[in-house]
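**Student:** Before I ask anything, let me first share the structure, which is written out below as structure tokens.
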Amino acid sequence: AQSVTQPDIHITVSEGASLELRCNYSYGATPYLFWYVQSPGQGLQLLLKYFSGDTLVQGIKGFEAEFKRSQSSFNLRKPSVHWSDAAEYFCAVVIYGGSQGNLIFGKGTKLSVKP
Amino acid sequence: EADIYQTPRYLVIGTGKKITLECSQTMGHDKMYWYQQDPGMELHLIHYSYGVNSTEKGDLSSESTVSRIRTEHFPLTLESARPSHTSQYLCASSDSQGSSYEQYFGPGTRLTVT
């Protein structure tokens, strides 16, 4: 069965520092992968997605993610974090089969930003 | 502007009351979802729908029920609220005819049952 693992529950970085949030998936074929962000008390907003093609995808708010098939990873990066990036980040993969098109979400990584 | 709406945003209600959480989308999406999310926790799919008159149970068992009489509307009902139902409920929609599988989320309803 497909699954998504986000190994880091909580990460704290200083404003202006670089960021990498980890995401690993388990699935035999090339998956459809997403990163969503959730600000406190809000719904989820799509940051970026990967379906095929270029393994480095650009998203909104200066985020990018790299798909690495050999490592089954889809890590999210940002070169310089802003205080407004403090939020919860969720990685997700599409389910194939009986629940076609449903997403499986990781448990999320909470990002705190130090001034 | 195409969007997805949830009302109420916050609800505090006593045990045993019947409640309905509303979700509407203006994007013409055929597929809709309900997720339950405890504070700081992962999302659990509790219901989804492929279209009008279609409802399916998700991965997490829930005492709530849903209906899909109109494409744009996907309400969730709890017949008798209990403190264990206290949580955030997120509604989402997607276009199953496209190939993106991208889900669009509403702002959520934070439910507290006292």
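The values are calculated or read from the model by the stated rules, or taken from the named source; none is laboratory data. These numbers come from a predicted model, not from an experiment. Heads up, the Cβs are rebuilt from the backbone with ideal geometry, glycines too, and the neighbour counts pull from every protein chain shown.
**Student:** Considering each residue of region B:26-46, count those that are more than 18 Å from B:THR86 (Cβ to Cβ) and within 12 Å of another protein chain (Cβ to nearest Cβ), and give that number.
**Tutor:** Count: 6.
**Student:** Follow-up question, since we're still on this one. Listed residues B:SER84, B:SER100; which is polar (S, T, N, Q), outside any loop (DSSP other than H, G, I, E, B) and either under 30 Å from A:HIS10 (Cα atoms) or in contact with a Phe, Trp or Tyr (Cβ under 7 Å, 6 or more places away or on another chain) (or both)?
**Tutor:** So the residue among B:SER84, B:SER100 that is polar (S, T, N, Q), outside any loop (DSSP other than H, G, I, E, B) and either under 30 Å from A:HIS10 (Cα atoms) or in contact with a Phe, Trp or Tyr (Cβ under 7 Å, 6 or more places away or on another chain) (or both) is B:SER84.
**Student:** Can you tell me which residue among A:LYS61, A:LYS68 is of a type in the set (Lys, Arg) and on the phi < 0 side of the Ramachandran plot?
**Tutor:** After applying the criteria, what remains is A:LYS68.
**Student:** A further question follows. Quick check on A:PHE105: is it within 11 Å of chain B (Cβ to nearest Cβ) and surrounded by fewer than 20 Cβ atoms within 10 Å (Cβ to Cβ)?
**Tutor:** Taking the combined requirement at face value, the residue does not satisfy it.
**Student:** Oh, and also: Kindly indicate whether B:TYR89 is in contact with a Phe, Trp or Tyr (Cβ under 7 Å, 6 or more places away or on another chain), surrounded by 13 or more Cβ atoms within 10 Å (Cβ to Cβ) and assigned to a loop (DSSP other than H, G, I, E, B).
**Tutor:** No.
**Student:** Look through A:VAL57, A:VAL81, A:VAL93 and report the one residue that is β-branched (Val, Ile, Thr) and more than 13 Å from the chain's Cα centre (by Cα).
**Tutor:** A:VAL81
**Student:** Further, regarding this structure: Could you check B:TRP34 against (1) assigned to a strand (DSSP E or B); (2) surrounded by fewer than 21 Cβ atoms within 10 Å (Cβ to Cβ) and say which number it fails?
**Tutor:** (2)
**Student:** I'm checking my understanding of the structure. Among residues of region B:89-104 that are at pLDDT 95 or above and at the interface with chain A (Cβ under 10 Å from one of its Cβ atoms), which one is nearest to B:MET32 (Cα to Cα)?
**Tutor:** It comes out as B:ALA92.
**Student:** Taking B:GLY16 as the residue in question, decide whether it is more than 14 Å from chain A (Cβ to nearest Cβ) and either crowded, with 20+ Cβ neighbours inside 10 Å or part of a loop (DSSP other than H, G, I, E, B) (or both).
**Tutor:** yes
**Student:** Right, something else. For region A:20-41, which positions are buried (at least 20 other Cβ atoms within 10 Å of the Cβ) and closer than 12 Å to A:THR109 by Cα?
**Tutor:** Selection gives A:LEU21, A:CYS23, A:TRP35, A:TYR36, A:VAL37, A:GLN38.
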